[in-house]
Amino acid sequence: MRMAAAAPGFRTLGDGAAVAWSLLLPALCCVAAFVIVPVISLGLYSFWERLPTGAVQQVFTTANWRELLGDSYYAGMLFKTLKLAAAVTLLCALVGYGPAYYITLLPPRRRAILVTLLFLPSWISYVVRSMSWLPILGKEGLLNTILGGSGLTSGPLPLLYNEFSVVLGMVQFLLPLMIVNIYIGLQAVDRKLVDAARTLGATDAQAFFAVTFPIAWPGLAAGCLLTFILAMGAYITPQILGGPGTSYYANLVFETFVAQQDWPLGAALSLVIIFFLVAGLVLYGRLAGISTMFREVRR
Amino acid sequence: MSRRRLFHWSLGAITLLVFLFMLAPALVVVAQAFNESPSGNFPITGLTLRWFAALPEDPAIVGAMHTSLALAAWTSVLATLIGTAAAYALARFRFRGRGQVQLFLTVPILVPHIVLGVGLLLAFRMVGLSKSFVLLVAGHVAITLPFVVLTTGHRLQAIPRQIEDAARTLGANRLQAFIAITLPLALPAILTSLLFSFMTSFDEVTATLFWLPPNTETIPSHIMAMLQFSTDPKIHSLSSLLILGSVGVAVMTVLAVRALSTDTQGSRK
């Protein structure tokens, strides 16, 4: 109604809601059909019965959930994956905060270049980024060749197909996302506030912890939520860089669906990830306000 | 050197290392693509182009390339059209439920692809549809749509609606005003959306593995298969082709956006 008041006599908003909803309709249908309905069908399948033949019968049963909650194998796998996701998130936050902060200190031109570089990895294939560690960490890879050639190590180090390489690959994959989110948070900090704190006698460190960090906190929180959820759901990285002992929850989901063809159990397993996503979102909404989740990156 | 300068320098050094960590591994793949030895090991024994020359002779790779390109083209065009319409509605209209709609259209960005993958597969199976190219496109549009809504939405929000209202005051209808005023101003974001959703669709593999129809491969799924079942040296040349392609498209996007960008006063940046 703002325009109607500003320019009386001109019909600018009369057709508003109808036009808006018809423009939104395709997108709403798309999300409803290809995101919401799929999550609902996961819910339905998780309560359906799987016959010994592998076929699914649409008969209500809680057997899948009882198997999931009763078998300590699944709980162990979930716990192991939560630990991995937490470690990856913590590493990304620790490694990423410095660079994100440094970018905000730069003059506009150099800042724009670094922000562009920050987005570059997200244009490069995830599979290729993960497999790029193979020629680096392998027995006769770049690192072992350098280390062996310089005489620092007597034999090749076991760098590949273990927990180390999985964590490394995941941190590389998720770090740009973490840095972008921390950077978005830091953008919200008014430099004048920091200067004011300095004028009033705070040291740089005091000003950072009393002013910058609390104001920029939603960005770090969003980065942690995204990193954690994506690390939980990642199965390509363990598939490429992991070994026999480094199978995680998402690999289990994949195995259950593709190898065992047990769709009802697979559906229940997938819903556990959704549960963590929703719990994370609720927590984030409480701590930072959900509207801060999708803010723009200024270059 | 003052403590502040020392801090600034060491933070810069850390940033450099972190950026190297994120980007440099890709260069190692490119280096291996030229390695004469098919082992993929170091040290590199000699340089050759034959792994690149072998790519178009592999029918599996050519087929996967066709699938991936068609998939990415359909996905990016559909997602950009649908997403831009939605972003325009969200930026230009005030209506009840607007905030919820905005959230509804962006939250899917957070859903891990493995969940989207199995969920959509089950939903299709439930209504009796089998895996097909249409399922692939549908899933990829759902995955890329939030990026379009966010990217285009942020840009549209930055364009003052008064310019559009002025055109309408002067007699243009809503569509004319959109085409003459808003579209050119939003073009950089729309182009970014188009190219980014193209690359995202081309690269998506986590959900795609669940949706692929029988005897169909995309380039990333083919690379996954190559990693599991063989030590085909073409894997490095194919991967570096992807890296160069991605970086090329990203650089082109940045340049095109810069060339097309006008600030809202209408002057070139």
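The table that follows gives values for the structure above.
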| quantity | calculated |
| --- | --- |
| Residue pairs meeting the criteria (Cβ under 6 Å; at least 6 apart or on separate chains; first within 18 Å of B:V254 (Cβ to Cβ), in segment B:145-170; second surrounded by fewer than 19 Cβ atoms within 10 Å (Cβ to Cβ) and modelled with pLDDT under 85) | B:H154/A:E296 |
| 3 or more residues of a type outside the set (S, T, N, Q) and more than 14 Å from chain B (Cβ to nearest Cβ): qualifying helices (runs of 4 or more DSSP H) within segment A:182-257 | A:191-199, A:213-233 |
| Near pairs, Cβ below 8 angstrom, 6+ apart or cross-chain, from segment A:62-83 (free of Cβ contacts under 8 Å to residues at least 24 places away in the same chain) to any residue that is of a type in the set (G, A, S) and surrounded by fewer than 16 Cβ atoms within 10 Å (Cβ to Cβ) | A:L69/A:A75 |
| Scan of segment B:103-133 for residues that are closer than 24 Å to A:N181 by Cβ and either of a type in the set (A, V, I, L, M, F, W, C) or more than 8 Å from chain A (Cβ to nearest Cβ) (or both), ordered by number | B:L103, B:F104, B:L105, B:V107, B:I109, B:L110, B:V111, B:I114, B:V115, B:L116 |
| Test for A:G266: is it assigned to a helix (DSSP H, G or I) and in contact with a Ser or Thr (Cβ under 7 Å, 6 or more places away or on another chain) | yes |
| Any hit, segment B:3-15, residues being more than 7 Å from chain A (Cβ to nearest Cβ), more than 27 Å from A:L177 (Cβ to Cβ), of a type in the set (S, T, Y) and without any contact (Cβ under 8 Å) to a residue 60 or more places away in the chain | no |
| Condition broken by A:L160, with the remaining ones in (1) closer than 30 Å to B:P220 by Cβ; (2) part of a helix (DSSP H, G or I); (3) of a type in the set (A, V, I, L, M) satisfied | (2) |
| Residues of segment B:77-135 satisfying the condition of being surrounded by 16 or more Cβ atoms within 10 Å (Cβ to Cβ) and of a type in the set (S, T, N, Q) | B:T80, B:T84, B:Q102, B:T106 |
| Answer residue from segment A:106-133, given it is part of a helix (DSSP H, G or I), more than 7 Å from chain B (Cβ to nearest Cβ) and of a type in the set (A, V, I, L, M) and is surrounded by the most Cβ atoms within 10 Å (Cβ to Cβ) among those | A:L118 |
| Within segment B:170-219, tally of residues that are charged (D, E, K, R), part of a loop (DSSP other than H, G, I, E, B) and surrounded by fewer than 23 Cβ atoms within 10 Å (Cβ to Cβ) | 1 |
| For B:I163: the one exception among (1) under 30 Å from A:V128 (Cβ atoms); (2) surrounded by fewer than 24 Cβ atoms within 10 Å (Cβ to Cβ); (3) β-branched (V, I, T); (4) touching a Leu at 6+ places or on another chain (Cβ under 9 Å) | (1) |
| Pairs with Cβ under 7 Å, 6+ apart, first in segment B:76-89 and without any contact (Cβ under 8 Å) to a residue 24 or more places away in the chain and within 9 Å of chain A (Cβ to nearest Cβ), second surrounded by fewer than 24 Cβ atoms within 10 Å (Cβ to Cβ) and aliphatic (A, V, I, L, M) | B:A85/A:L23; B:A89/A:A20; B:A89/A:L23 |
| Residue within segment A:72-93 that is at the interface with chain B (Cβ under 7 Å from one of its Cβ atoms), within 18 Å of the chain's Cα centre (by Cα), part of a helix (DSSP H, G or I) and surrounded by fewer than 21 Cβ atoms within 10 Å (Cβ to Cβ) present | no |
| Failed item, numbered, when B:R161 is tested on (1) of a type outside the set (S, T, Y); (2) in contact with a Phe, Trp or Tyr (Cβ under 8 Å, 6 or more places away or on another chain); (3) closer than 30 Å to B:S261 by Cβ | (2) |
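The values are calculated or read from the model by the stated rules, or taken from the named source; none is laboratory data. Fair warning: this is a prediction, and the values are worked out from it, not measured in the lab. Reconstructed Cβ throughout: ideal geometry from the backbone, glycine too, with neighbour counts over all protein chains shown.
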